[in-house]
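The structure appears below as structure tokens.
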Amino acid sequence: MKVMAVIGISTVIFSVGFASANQLSPYVGQEQREIKSLSPDEVKDYLAGKGMGLAKAAELNHYPGPAHVLELASQLNLSAEQKVRTQALFNNMQEKAIQFGRMLVEEERNLDTLFSSKTITPETLETSLKRIGTLQAQVRQTHLEAHLTQVKILSPAQVAKYIELRGYNKTGQGGHSHNKHERGTQ
């Protein structure tokens, strides 16, 4: 019985010590990244102009995104004109997102270099963070503006169908009346 108690206590002590050692740094392995603050997937997504969830405020409040509208074109019964306008909107959004994404990745790389070279100062930190913040906002704005424009290309019925197809109305809650959206010509 005493042997089991000692083994049990030893196991608990070892487990607690092991868990504590693993919790010391949740970033273990990330020090090997090229850019410490961005995962390789994040870099890839920024450079490809991906949405990365940056437009959730629009998407989840019933402002469709052009990429998904194009994917659902047949189910939404898009007219030829709507397809052309949506494709042009998507192309413009992606071009701008890639441009800002490249600049953002480069600024993150510069910040990483300032720290790794031990040349960072409060002044260079402030300048770097202002640039990064501005670029993050520009990437996000690019995606959100595309949603604002897309909702004007679709009819209220198409927006409702989009919401249904994307599964956002399963609870019967959320969003606003689609009649409140300004509509462009169809």
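Taken together, the values in this text are just the output of simple stated rules run on the coordinates, not laboratory data. Computed from a predicted model, the values in this text were never measured in an experiment. FYI the Cβ positions are ideal-geometry reconstructions off the backbone, even for glycines, and counts take in every protein chain you see.
Read phi for every residue in segment 149-165 and hand back ³J(HN,Hα) as whole Hz from Karplus 6.51 cos²θ - 1.76 cosθ + 1.60, θ = phi - 60°, with x for Gly and Pro.
With the stated coefficients, segment 149-165 comes to 6, 4, 4, 6, 7, 9, 7, x, 5, 5, 5, 4, 5, 4, 4, 5, 5 Hz.
First select every other residue whose beta carbon is under 15 angstrom from the beta carbon of Glu71; then total the charges, Lys and Arg +1, Asp and Glu -1.
My count for the surroundings of Glu71 gives +2.
Find, among the trypsin sites (Lys or Arg not before Pro) in segment 68-151, those assigned to loop by DSSP (not H, G, I, E, B) with at most 13 other beta-carbon atoms within 10 angstrom.
For trypsin sites (Lys or Arg not before Pro) across segment 68-151 that sit outside H, G, I, E and B with at most 13 neighbouring Cβ atoms in 10 Å, the list reads Lys118.
Just list whichever of Lys50/Lys161; Lys83/Lys161; Lys44/Lys130; Lys83/Lys152; Lys96/Lys130 have alpha carbons separated by over 18 Å in the model shown.
The answer is Lys50/Lys161; Lys44/Lys130; Lys96/Lys130.
What does the charge count near Ala55 come to, summing +1 for each Lys or Arg and -1 for each Asp or Glu among other residues with Cβ under 12 Å from its Cβ?
Neighbourhood net charge equals +1.
Which residues in segment 19-63 place their backbone N less than 15 Å from a point set 7 Å from the Cα of Arg102 along the Cα-to-Cβ direction?
Counting backbone N atoms under 15 Å from the label point, the list is 44-50.
Once the piece of chain linking Asn77 and Arg109 is laid out straight, how much longer is it, given 0.36 nm per residue of separation minus the C-alpha distance between them?
That works out to 7.1 nm of additional length.
Using θ = phi - 60° and the Karplus relation 6.51 cos²θ - 1.76 cosθ + 1.60, list the HN-Hα couplings for segment 61-76 in order, rounded to whole Hz, with x at every Gly or Pro.
For segment 61-76, the Karplus-derived couplings read 10, 6, 10, x, x, x, 4, 6, 4, 5, 4, 9, 3, 5, 5, 8 Hz, x marking Gly and Pro.
What's the local net charge at Leu89, with K and R +1, D and E -1, over the other residues with C-beta under 12 Å away?
Numbers: positive: Lys83, Arg85, Lys96, Lys152; negative: Glu95, Glu145.
Charge balance in the 12 Å sphere: +2.
In whole angstrom, how far apart do the alpha carbon centroids of segment 39-71 and segment 110-136 sit?
Their Cα centres are 26 Å away from one another.
Could you check the simple spin-label distance between Ile120 and Ser155, using points 7 Å along Cα→Cβ, in nm with one decimal?
5.5
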